[in-house]
Amino acid sequence: MTPATVKTQAPPPTFDETRLQAFMGRVVNDLGATFGTAMALIGDRLGLYRAMANAGPVTPDELAEKTGTVERYVREWLVNQTTAGYVMYEPATGRYSLPPEQVLALADENGPFFAIGGFQIARAMLDATDRIIDDFRIGDGLPWGEHHHDLFEGTFRFFRSSYVRDLVDHWIPALEGVRERLEVGAVVADIGCGWGSSTVLMARAFPNSRFYGFDLHEPSIEHATQLARASGVSANTTFDVAPANAFPPPPAQARAYDLLTFFDCFHDLADPHGAAKRAFDLLSPDGTVMLVEPMAGDTVEENINPVGRVYSGASVLCCTPNALAGGGPALGTIAPDTALIRILHDAGFTRVRRTTETPFNRIFEAQR
């Protein structure tokens with residue numbers, strides 16, 4: 001008689017209880033932050049942040065009355081915003097207030113620190129999760145134009161604040177001789193211009209220069225054209241639909257562009273090599289290319305930080321899928337300096353340097 005086979009179970013894995021609890025705390029924080037995206041969008045779209053800005057402490061009833069909303073929802077929203085540190089609560093009075101720093105980030109639409117667009121971007125990217133899961137399995141991509149509308153508007157609202165803060169006063173002055181040339185009168189092409197915030201800011205600052213904005217996404221070009229009209233720069237600004245690797249030359253009298261710009265878009269392109277070569281071919285002999293890219297390091301270790309976490313997530317959900325959808329090499333949002341500079345050198349540029357940076361951006365200058 002054969003004795004019964006006894007199956008032995010593997011011992012349970014050992015773990016550190018303290019480290020486990022710390023990690024579970026992080027998971028809870030991340031869940032709260034994920035819900036926070038919706039809470040921030042509610043605060044923006046219903047005007048809750050704007051109503052609290054400079055209004056002093058308010059009760060849920062008062063805020064609901066100011067915004068035409070229902071107190072029962074507002075009450076819970078205020079608790080959520082207090083736990084997130086966005087809103088301050090006074091237990092003695094039962095009132096809530098929006099500190100001046102939060103006003104700048106959440107209610108000052110045209111200011112240099114406005115951040116609500118980032119939540120719109122996150123909402124749109126989360127909306128694409130099911131599609132991206134499929135892409136992980138089969139290697140397909142997701143074109144920019146097939147995302148939720150919040151991606152386009154959010155990109156405009158989020159990145160505009162940094163352009164307002166830095167573009168004219170810091171980034172352009174960091175380029176060799178460019179500011180002086182723009183003041184006298186230059187011909188500029190803004191490639192991948194989106195809703196046109198960067199183009200219009202430059203056109204307003206340098207009325208003697210002529211600006212052309214190009215983007216493959218037709219609805220974005222329509223918005224950019226409206227923005228130029230509303231901003232009073234239609235006389236020196238034109239927008240048109242065109243791909244980054246085949247944008248048109250300037251009118252015959254100009255012969256070539258004096259400045260070509262890529263704002264936070266080069267890494268998204270399906271054909272960054274073609275775009276760089278097109279820029280080289282249409283640039284004047286003494287012209288400049290300005291490349292503004294998200295902040296990233298050259299190694300994995302250099303990207304393990306809060307900014308790297310945001311940008312690597314955006315790369316998975318938007319930037320890399322867009323490039324793969326067009327059959328491109330997919331540089332990704334955290335492309336290292338070496339990869340970007342190599343493409344510019346391959347296109348023919350002999351002088352490429354990183355001129356300045358912010359915690360969120362790297363600015364490159366390329367010349368012949």
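A few remarks follow.
- Counted residues, the range 47-78 - those being on the phi < 0 side of the Ramachandran plot, surrounded by fewer than 18 Cβ atoms within 10 Å (Cβ to Cβ) and in a loop (DSSP other than H, G, I, E, B): 5
- Criterion: at pLDDT below 95 and either among the hydroxyl-bearing types (Ser, Thr, Tyr) or in contact with a helix residue (DSSP H, G or I) (Cβ under 9 Å, 6 or more places away or on another chain) (or both) - qualifying residue of Thr5, Thr37, Thr59: Thr5
- Answer from Gly94, Gly117 - the residue that is out of contact with any Pro (no Cβ under 6 Å at 6 or more places or on another chain) and surrounded by fewer than 19 Cβ atoms within 10 Å (Cβ to Cβ): Gly94
- Test: residue in the range 206-213 that is aromatic (Phe, Trp, Tyr) and closer than 21 Å to Ile343 by Cα: no
- Some residue of the range 123-138 being in contact with a Phe, Trp or Tyr (Cβ under 9 Å, 6 or more places away or on another chain), of a type in the set (S, T, N, Q) and either closer than 30 Å to Ala244 by Cα or surrounded by fewer than 17 Cβ atoms within 10 Å (Cβ to Cβ) (or both): no
Yes or no, residue by residue, for (1) touching a helix residue (DSSP H, G or I) at 6+ places or on another chain (Cβ under 9 Å); (2) farther than 25 Å from Gly139 by Cα:
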{"residue": "Pro248", "(1), (2)": "yes, yes"}
{"residue": "Pro251", "(1), (2)": "no, yes"}
{"residue": "Arg255", "(1), (2)": "no, yes"}
{"residue": "Leu260", "(1), (2)": "yes, yes"}
{"residue": "Phe266", "(1), (2)": "yes, no"}
{"residue": "Leu269", "(1), (2)": "yes, no"}
{"residue": "Asp281", "(1), (2)": "yes, yes"}
{"residue": "Leu324", "(1), (2)": "yes, no"}
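Per-residue answers, yes or no, for (1) more than 16 Å from Cys319 (Cα to Cα); (2) modelled with pLDDT of 95 or more; (3) assigned by TED's automatic domain parsing to the domain that holds Phe263; (4) touching a helix residue (DSSP H, G or I) at 6+ places or on another chain (Cβ under 9 Å):
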position: Arg123; (1), (2), (3), (4): no, yes, no, yes
position: Ala128; (1), (2), (3), (4): no, yes, no, yes
position: Ile133; (1), (2), (3), (4): no, yes, no, no
position: Leu151; (1), (2), (3), (4): no, yes, no, yes
position: Trp171; (1), (2), (3), (4): yes, yes, yes, yes
position: Arg179; (1), (2), (3), (4): yes, yes, yes, yes
position: Ala189; (1), (2), (3), (4): yes, yes, yes, yes
position: Gly192; (1), (2), (3), (4): no, yes, yes, yes
position: Ser197; (1), (2), (3), (4): yes, yes, yes, yes
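- Each residue in the range 243-278 was checked for being in a loop (DSSP other than H, G, I, E, B) and at negative phi, and 17 of them qualify.
- Counting only residues that are touching a Leu at 6+ places or on another chain (Cβ under 9 Å), at negative phi, of a type in the set (A, V, I, L, M, F, W, C) and surrounded by 21 or more Cβ atoms within 10 Å (Cβ to Cβ), the range 309-342 holds 6 of them.
- Hits in the range 94-138 - residues which are charged (D, E, K, R), under 24 Å from Val307 (Cα atoms) and not in a loop (DSSP other than H, G, I, E, B): Glu101, Arg123, Asp127
- When Gly118, Gly154, Gly139, Gly111 are screened for being of a type in the set (Gly, Ala, Ser) and without any contact (Cβ under 8 Å) to a residue 40 or more places away in the chain, only Gly154 passes.
- Residue among Asn303, Asn245 that alone is among the polar types (S, T, N, Q) and under 15 Å from Ile343 (Cβ atoms): Asn245
- When Arg342 is tested against (1) within 30 Å of Phe136 (Cβ to Cβ); (2) touching a residue at least 12 places away in the same chain (Cβ under 8 Å), exactly one condition is not met: (2).
For every residue, the table says whether it meets (1) crowded, with 20+ Cβ neighbours inside 10 Å; (2) hydroxyl-bearing (Ser, Thr, Tyr); (3) assigned by TED's automatic domain parsing to the domain that holds Leu283.
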site: Gly154; (1), (2), (3): yes, no, no
site: Ala186; (1), (2), (3): yes, no, yes
site: Ala203; (1), (2), (3): yes, no, yes
site: Asn208; (1), (2), (3): no, no, yes
site: Ser220; (1), (2), (3): yes, yes, yes
site: Thr225; (1), (2), (3): no, yes, yes
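- Residue within the range 281-298 that is of a type outside the set (S, T, N, Q), free of Cβ contacts under 8 Å to residues at least 60 places away in the same chain, in a helix (DSSP H, G or I) and surrounded by 15 or more Cβ atoms within 10 Å (Cβ to Cβ) present: no
The values are calculated or read from the model by the stated rules, or taken from the named source; none is laboratory data. Bear in mind that the values here come from a model prediction, so they are computed numbers and not experimental data. All Cβ positions, glycine included, derive from the backbone under ideal geometry; neighbour counts span all protein chains shown.
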